[in-house]
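See structure below.
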């Protein structure tokens, strides 16, 4: 893909991002969201991050090349879950994830 | 006096932003390295980072791009994931009822997961102004931009395996997921979303798997929520009786 494609993706994503970031605060000034909409919005972060994690960790036929190549990222992910639960820190999770992943990769 | 107090308020904004800024340096570097892998130079990485300003979004674009996903899939998935910003923006609305439009715009255009957390807790504690909250956002944003630009520079020189750099992104997503508030509905959403993503990939829909999986999970979560609400509603008198 070319840089032109990149800037197309970037441009559209930027517009969507600005709409999501700026519209509610202006529209809702001093007003409450309907309860149903609020419930749906509350589920977005959990759904979005679950989808991203699943997309990175699970692939059809992932165990075809043997147990370890597929299980290795899952082991590293399990370590990150523990670090995330204990520290709630993005930095420590990123450091722990990369270090454990690199160690397991070179084992 | 006035100058002094505004200096103090900027200083307290910097203190509130400092932990997030440290984090953005650590995460911005690998993000910049991935950006250099898709062909961005340091200036482009900086501009993208201070306008789009989304760690998850930038990692996603880079990762999906390197995986060869089609343009439409990248745009749809990234934009869907970013719809969580609607929630953050709505959450701040009560605190900006009397703020000038340009400041409201500048603030809301620069909110992220982390600065949302910092600013919301400060607003809830009281004694926090829209200007201070905007300073927190801008300090974090500038740090993010510089870290990305530095990463893009390093990326031209050092060759870090993509698999390792992209696991930093996976780890960040895991942390953001674990940091959410978990009730039974959230557990249903997690399980059904993950199954949904896997099912989409099995069906050959790897491109829109993130978007479709998340929508499947949200629908299941809302249905579960509605069903359990009905059960609670029907069972309410009994439950009350037991409590007594």
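Would you confirm whether or not the range A:56-79 contains a residue that is modelled with pLDDT of 85 or more, closer than 19 Å to residue B:57 by Cβ and outside any loop (DSSP other than H, G, I, E, B)? There is at least one residue in the range A:56-79 that is modelled with pLDDT of 85 or more, closer than 19 Å to residue B:57 by Cβ and outside any loop (DSSP other than H, G, I, E, B). Elements of the type helices (runs of 4 or more DSSP H) sitting completely within the range B:1-108 and holding at least 1 residues that are in contact with a helix residue (DSSP H, G or I) (Cβ under 8 Å, 6 or more places away or on another chain) and more than 30 Å from residue B:126 (Cα to Cα): these cover B:2-37, B:42-51, B:55-66, B:71-82.
Say we look at the range B:200-228 and pick out the residues that are closer than 23 Å to residue B:64 by Cβ and surrounded by fewer than 16 Cβ atoms within 10 Å (Cβ to Cβ); which of these is nearest to the other protein chains (Cβ to nearest Cβ)? Checking each candidate, the answer is B:202. Restricting to the range B:100-125, and then to whatever is crowded, with 20+ Cβ neighbours inside 10 Å and under 16 Å from residue A:28 (Cα atoms), can you tell me which residue is nearest to the other protein chains (Cβ to nearest Cβ)? Filtering the range B:100-125 for residues that are crowded, with 20+ Cβ neighbours inside 10 Å and under 16 Å from residue A:28 (Cα atoms), the one nearest to the other protein chains (Cβ to nearest Cβ) comes out as B:108.
Going residue by residue through the range B:145-153, is there one that turns out to be touching a residue at least 60 places away in the same chain (Cβ under 8 Å), within 30 Å of residue A:75 (Cα to Cα) and under 17 Å from the mean Cα position of the chain (by Cα)? The answer is yes; a qualifying residue exists.
Could you tell me whether the range B:183-192 includes any residue that is within 17 Å of the chain's Cα centre (by Cα), outside any helix (DSSP H, G or I) and modelled with pLDDT of 85 or more? Scanning the range B:183-192, I find no residue that is within 17 Å of the chain's Cα centre (by Cα), outside any helix (DSSP H, G or I) and modelled with pLDDT of 85 or more, so the answer is no. Selection of the range B:1-53 for residues being over 19 Å from residue B:150 (Cα atoms) and surrounded by 24 or more Cβ atoms within 10 Å (Cβ to Cβ) yields B:13, B:17. The single condition among (1) modelled with pLDDT of 90 or more; (2) out of contact with any helix residue (DSSP H, G or I) (no Cβ under 7 Å at 6 or more places or on another chain) that residue B:159 does not meet is (1).
For residues in the range A:24-41 being assigned to a helix (DSSP H, G or I) and facing chain B (nearest Cβ under 7 Å), which is farthest from residue B:50 (Cα to Cα)? The extreme case among them is A:39. When residue B:68 is tested against (1) under 26 Å from residue A:8 (Cα atoms); (2) free of Cβ contacts under 8 Å to residues at least 40 places away in the same chain; (3) within 7 Å of chain A (Cβ to nearest Cβ), only condition (3) is not met. For the range A:10-19, the set of residues classified as facing chain B (nearest Cβ under 7 Å) and surrounded by fewer than 21 Cβ atoms within 10 Å (Cβ to Cβ) consists of A:12, A:14, A:16, A:18, listed by residue number. Looking across the range A:43-80, the residues that are surrounded by 18 or more Cβ atoms within 10 Å (Cβ to Cβ) and either within 22 Å of residue B:183 (Cβ to Cβ) or out of contact with any helix residue (DSSP H, G or I) (no Cβ under 7 Å at 6 or more places or on another chain) (or both) come down to A:43, A:44, A:45, A:46, A:47, A:48, A:49, A:50, A:51, A:52, A:53, A:54.
With respect to residue B:26, is the statement that it is at pLDDT below 90 and under 24 Å from the mean Cα position of the chain (by Cα) true? Yes, satisfied.
Condition check: surrounded by 21 or more Cβ atoms within 10 Å (Cβ to Cβ) and farther than 26 Å from residue B:225 by Cβ. Does residue A:100 satisfy that? Before you say what the answer is, go through the steps one by one.
Numbers: surrounded by 21 or more Cβ atoms within 10 Å (Cβ to Cβ): yes; farther than 26 Å from residue B:225 by Cβ: yes.
Taking the combined requirement at face value, the residue satisfies it.
Can you tell me how many residues in the range B:167-184 are buried (at least 22 other Cβ atoms within 10 Å of the Cβ) and more than 7 Å from chain A (Cβ to nearest Cβ)? The total comes to 1. Of the numbered criteria (1) in contact (Cβ under 8 Å) with a residue 60 or more places away in the chain; (2) outside any helix (DSSP H, G or I); (3) more than 21 Å from residue A:95 (Cβ to Cβ), the one residue B:127 fails is (1). When B:32, B:57, B:39 are checked against the criterion of being under 20 Å from residue B:159 (Cβ atoms) and at the interface with chain A (Cβ under 7 Å from one of its Cβ atoms), a single residue qualifies: B:39.
The values are calculated or read from the model by the stated rules, or taken from the named source; none is laboratory data. Predicted model, so just to flag it, every value in this text is computed and none were measured. Ideal geometry is used to build each Cβ from the backbone, glycine not excepted, and the neighbour counts take in all protein chains shown.
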